[in-house]
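Notes follow the structure.
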Amino acid sequence: MIRDPKDLKRYNASERVNHWIVGISFILLALSGLSFFHPAFFPLNQLFGGPVWARILHPFVGVVMAVAFFIIFFRFRKLNVMHASDWEWLKRSHEMVNGDDHNMPEQGKYNGGQKMLFWVLGLCMLGMTVSGILIWRAYFGFDITLVRLGAVAHAAVAAVMIGLIMVHVYAAIWVKGTVRAMWYGTVTRAWAKQHHRAWYRQVTGK
Ligand code: HEM
């Protein structure tokens, strides 16, 4: 990948490490969680050293993801506050998906879609953490009714989150030049001008 000294800084190293701790733990949790969910996915437990190890490790990785997520959540929350232009962006997003982004309102560091995803992921993460604690029977989970309700909620919210993260990853790949923002920390000026013009003006003063 060619990097230009004129590229714009989007994430510092600590933000990127924080994000990838969340991303990697999410993948590990999804794979081990699916192995408990349905017999078709059961062989996935072999990635973790068998079913017993998968069952032991899953909640500890969950704690790592929850802590890392809430750190990133508090770091980025102000940047994700919704403004009028973000609602307008959402209203017009179907035009952009159909290939015409000429009428899209200028966006700051994040667009309306990214911001909505941020808040919904925050809610899901809260749901996963609370329900996860309820069903962690090695240390908690003393009330069987709460364990049962927690197990249903945990699986339902996990299904929503897996869908949302697929959208997140797809969008990052679809908008060319985005993944390198989380990889190297920088984006090209052309990318910023095209997708986040208000942020481009703010960081370049142009
Ligand atoms: C595992 C594959 C993942 C990939 C390839 C990926 C990729 C990316 C990329 C490229 C960005 C930068 C977007 C931009 O600057 O415009 C980003 C931002 C972000 N990602 Fe991920 N991500 C992944 C997983 C996750 C997971 C599992 C979560 C949380 C559950 C997450 C939460 C976030 C958040 C909060 C941001 C900042 C956006 C905002 O604050 O609105 N990511 N991701």
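The values are calculated or read from the model by the stated rules, or taken from the named source; none is laboratory data. Keep in mind that this is a model prediction, so the values were computed, not measured. For neighbour counting, all protein chains shown are included, and Cβ atoms are generated from backbone atoms with ideal geometry for every residue, glycine included. Remember, those area values only see protein heavy atoms, side chains included, never the ligands or the DNA or RNA. Shrake-Rupley method; radii C 1.70, N 1.55, O 1.52, S 1.80 Å.
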_Here are the criteria: (1) of a type outside the set (Ser, Thr, Tyr); (2) more than 9 Å from the ligand (Cβ to nearest atom); (3) modelled with pLDDT of 95 or more; (4) surrounded by 13 or more Cβ atoms within 10 Å (Cβ to Cβ). Tell me which single one Val22 does not satisfy._
(2)
*For the subset of the range 122-144 comprising residues that are among the aromatic types (Phe, Trp, Tyr) and in contact with a helix residue (DSSP H, G or I) (Cβ under 8 Å, 6 or more places away or on another chain), which member is least open to solvent (accessible area, probe 1.4 Å)?*
Trp136
*Pick from the range 53-65 the residues that are within 17 Å of Tyr139 (Cβ to Cβ) and out of contact with any helix residue (DSSP H, G or I) (no Cβ under 6 Å at 6 or more places or on another chain): which of them is least open to solvent (accessible area, probe 1.4 Å)?*
Pro59
*Would you mind finding the one in Phe73, Phe118 that is of a type outside the set (Val, Ile, Thr) and within 30 Å of Ile56 (Cβ to Cβ)?*
Phe73
*Looking at (1) within 19 Å of the chain's Cα centre (by Cα); (2) open to solvent by 40 Å² or more (accessible area, probe 1.4 Å); (3) free of Cβ contacts under 8 Å to residues at least 40 places away in the same chain; (4) within 26 Å of Lys176 (Cα to Cα), can you tell me which one Asp100 breaks?*
(1)
